[in-house]
Amino acid sequence: MSLLRCQNLAVATLLPPLTLELSAGSRALLQRPGDAITRLFFRLLNRLREPTSGQIFWHGQELSTYSVTALRQQILLVPEAPYFFGMTVAETIAYPLNLRRLSRSQIRPVISLWMERMELPRHWSEQKEFELTLGDRQWVALTRALVAAPQLFLLENPLAPLTPSRQQHILQILATQSSAAVVMVHPDALPLPWQPLSALPTIPTHHTQPAEEEWGALSDYDCERIDPPLGRSPQQPAPDRRDC
């Protein structure tokens, strides 16, 4: 059985009908950074946007039957511009485990393990996102994703702001996540087991601008309303929906 299957998936004029399958452990590459269709596709898979027709199946069951909060821990999106919700680096990395209501004694060794494997400096722990470079913020976001241990990683051009050594490091780390599927946006070809995902249609030129204009009204399923960080006041400003 496939891990994820899209059947005639479409969104009005933005996404023509699309059918594809992903299996556990697969490595799919989308060589289309900044592409509106790619961004829309990722947000359909973790329910930041709802399709107007067609179906998405996760483990053979319709995606809409899953709790959104639970689903986003299984299908995890790392956006091109990560957002920390005003939390420190340590709080950001621990966030997926806090959502699962794990105790501090359960969380601490997991965080220590991944901070060591990702070679995060200890002095980052109390820093906020505005104190980090874009590359450092992306590194923290990737660490948070690994801590969450999803079954499907959706990575929006994650290598772009990273140094060459970090690019190699994260590719090596992802290779150890053998049971998880990964779909990554990256402009260049990568060696096997990465395979091009060619099922996504190319967006027509005359649709590009309307697609961009409609991002501001994607849907009510933005991550701030569904998964507010623990202790966060609903009056605090929400992030740009593109960066959820």
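Given the peptides 172-185, 61-74, arrange them by the average over their residues of other C-beta atoms within 10 Å, most packed first. Intermediate values should be presented prior to the final figure.
Values: 172-185: 16.5, 61-74: 14.8.
So the order, starting with the most tightly packed, is 172-185, 61-74.
Ignoring ligands, DNA and RNA, what accessible area per residue does the stretch 118-204 give at 1.4 Å, in Å²?
Details: 3930 Å² over 87 residues.
That works out to 45 Å² for each residue.
Packing, as the average of other Cβ atoms within 10 Å across residues, places the peptides 126-136, 8-18 in the order 8-18, 126-136, highest first. Which residues in the stretch 31-61 place their backbone N less than 16 Å from a point set 7 Å from the Cα of A24 along the Cα-to-Cβ direction? From the stretch 31-61, the list is 58-61.
For the stretch 76-131, the alpha carbon convex hull comes to 99 Å³ per residue, rounded to a whole number.
Using a 1.4 angstrom probe on heavy atoms only, work out the carbon and sulfur share of the accessible area of the stretch 1-44 in %. Numbers along the way, then the final one.
Numbers: 810 of 1580 Å².
That fraction is 51 percent.
The ellipsoid that matches the Cα gyration tensor of the stretch 12-98 has semi-axes, each √(5λ) in whole angstrom, of 25, 17, 14, with the longest given first. Using a ≥ b ≥ c from the Cα gyration tensor of the stretch 83-178 (square roots of the eigenvalues), is it rounded, prolate or oblate, where a/c under 1.5 gives rounded and otherwise the larger of a/b and b/c decides, a/b for prolate? Oblate is the answer for the stretch 83-178, as a/c is 1.5 or above yet b/c matches or exceeds a/b. Phi angles of the stretch 132-140 translate, via the Karplus equation with coefficients 6.51, -1.76, 1.60 and θ = phi - 60°, into HN-Hα couplings of 10, 6, 4, x, 5, 5, 5, 5, 5 Hz per residue; Gly and Pro are given as x.
The values are calculated or read from the model by the stated rules, or taken from the named source; none is laboratory data. Because the structure is predicted, anything quoted here is derived from the model rather than measured. Don't worry about glycine lacking a Cβ; one is built from the backbone with ideal geometry, like all the others, and counts go over all protein chains shown. Only protein heavy atoms, including side chains, enter the accessible area calculation; ligands, DNA and RNA are left aside. Shrake-Rupley method; radii C 1.70, N 1.55, O 1.52, S 1.80 Å.
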